[in-house]
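The values are calculated or read from the model by the stated rules, or taken from the named source; none is laboratory data. Quick caveat, the model's predicted, so the values are computed rather than measured. No Cβ is skipped: glycine too gets one built from the backbone with ideal geometry, and neighbour counts run over all protein chains shown. Note: areas computed on protein heavy atoms with side chains; ligands, DNA, RNA excluded. Shrake-Rupley method; radii C 1.70, N 1.55, O 1.52, S 1.80 Å.
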Amino acid sequence: MRTLALRGGARVTVVAAEWCDAFGVVTRGRVQLELRDGEPGPVLGRDAGFWLRGTGVRALRNPGRRTARVRIVTPRARTVTCQPTHPPYTSYR
């Protein structure tokens, strides 16, 4: 598990290989999802959880002035191979 801190107005690119099977939870502030086509996505507040695989999100952005924090949880018990063409409910063995 790791924590991502986004200062006010900051933007972090979502790299598929690094975020494969990652689940994020906003623990402080607000985070806006930026969609693959560059359009702004939903703004998520505290305690909002989200998957990134299969969603078309290309970046996370803090629309506020204060630092936002996101806890990132990734599976550790097994090795996962990302295949972004599959829907998010596909299981890997």
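The table that follows gives values for the structure above.
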| item | result |
| --- | --- |
| Count of residues meeting criterion [open to solvent by less than 60 Å² (accessible area, probe 1.4 Å) and modelled with pLDDT of 90 or more] in the range 10-22 | 2 |
| Criterion violated by A5 - all others in (1) at positive phi; (2) in contact (Cβ under 8 Å) with a residue 24 or more places away in the chain; (3) surrounded by 13 or more Cβ atoms within 10 Å (Cβ to Cβ) satisfied | (1) |
| The range 8-44, subset assigned to a strand (DSSP E or B) and among the charged types (D, E, K, R), residue nearest to N62 (Cα to Cα) | R11 |
| Residue in the range 64-74 that is modelled with the lowest pLDDT, counting only those that are exposed (fewer than 15 other Cβ atoms within 10 Å of the Cβ) and in contact with a strand residue (DSSP E or B) (Cβ under 9 Å, 6 or more places away or on another chain) | T74 |
